Amino acid sequence: MIPGIILAAGRSLRMGQPKALLPYGTSGETFVGCLARALHDGGVDDVLVVGRREDHSLQAAVDALGIPARYVENPAADGGQLTSVLAGLSVADRPGVRGILVMPVDAPGIAGSTVAALLMAFRASAAPIARAVHRGRHGHPVIFGREVFDALRRTDLSLGARAVVRAHGAAVLNVEVDDPAVLGDVDTPGDYQALFGQEL
């Protein structure tokens, strides 16, 4: 079992509004909705969305998705993105869980088939970590195997989960996918306009 964790507890200061609830172009869907459905369609049975304790709008949006998804509060969100990974891990970790798939909410648009390909490659390997790669560039999602859960818990919050990835070097499984959305990073209104050709 590999639960999926969507990281959505950032303050979105550069965007000026919560990124998780931004409209995904003209699809009628939100960023968090698109990602949750992509994870579910790709074979993730347990989707966790990590947000701030006070983010009632996001929690309501997750509850209304119509697919198996749960909202997880991160009371330490100001401590950095790793705190959201750990908040999700604390809920996801149970007997039978082989790893966790981690995806930031500001990288929307990945296909369910991309998620499925990453899960398949990870399950067929002995790698402790697997990540999506497009044309040689590292992206998301990233799967952290159970063997690195303790490393995530011990890592300095200021270094983030990337420190765990770097520490495993050549042991990381890079899964090449034909999906440029794995490189997405929508942080500003300009990024949004560049992606969708429209202003917010």
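Taking all protein chains into account, the per residue accessible area for the range 6-87 stands at 45 Å² (1.4 Å probe). How many percent of the accessible area of the chain is carbon or sulfur, using a 1.4 Å probe? Here it works out to 51 percent.
If you model the range 60-175 as an ellipsoid using its alpha carbon gyration tensor, with each semi-axis the square root of five times an eigenvalue, the axes come out at 21, 19, 14 Å, biggest first.
Magnitude of the charge dipole for the range 119-187, about its Cα centre and with charges confined to Cβ atoms of Lys, Arg (+1) and Asp, Glu (-1), is about 220 debye. If the chain linking ASP41 and ARG166 were pulled fully straight, counting 0.36 nm for each residue of separation and taking away their Cα-Cα distance, it would gain 42.1 nm. When the inverse distances between all different Cα atoms of the range 1-115 are averaged and flipped, the Kirkwood radius reads 13.9 angstrom.
Subtracting the Cα-Cα distance from 0.36 nm times the residue separation, let me have the gained length for GLU176 to ARG70 in nm, one decimal.
My answer for the length gained is 35.2 nm.
Can you give me the relative contact order of the chain as a percent, contacts being Cα pairs under 8 Å and 6 or more apart? Over the chain, the number comes to 24 percent. For the peptides 81-88, 133-140, residues were scored by their other Cβ atoms within 10 Å and the scores averaged per peptide; the highest-first order is 81-88, 133-140. Fully extending the segment from ALA126 to ARG11 would add 37.8 nm, taking 0.36 nm per residue of separation and subtracting the current Cα-Cα distance. Normalised per residue, the accessible area of the range 129-200 is 56 Å², obtained with a 1.4 Å probe and no contribution from ligands, DNA or RNA. Normalised by 2.2 N^0.38 Å, where N is the number of residues, the alpha-carbon radius of gyration of the chain equals 0.95. Each residue of the range 163-180 was assigned a 3J(HN,Hα) from its phi angle through the Karplus expression (A = 6.51, B = -1.76, C = 1.60, θ = phi - 60°), giving 5, 5, 4, 4, 5, 9, x, 5, 7, 6, 8, 8, 9, 6, 10, 8, 8, x Hz with x at Gly and Pro.
The values are calculated or read from the model by the stated rules, or taken from the named source; none is laboratory data. Source: prediction; values computed, not measured. In this analysis, Cβ positions are derived from the backbone assuming ideal geometry, glycine residues included, and neighbour counts consider all displayed protein chains. With ligands, DNA and RNA removed, areas are computed over all heavy atoms of the protein, side chains included. Shrake-Rupley method; radii C 1.70, N 1.55, O 1.52, S 1.80 Å.
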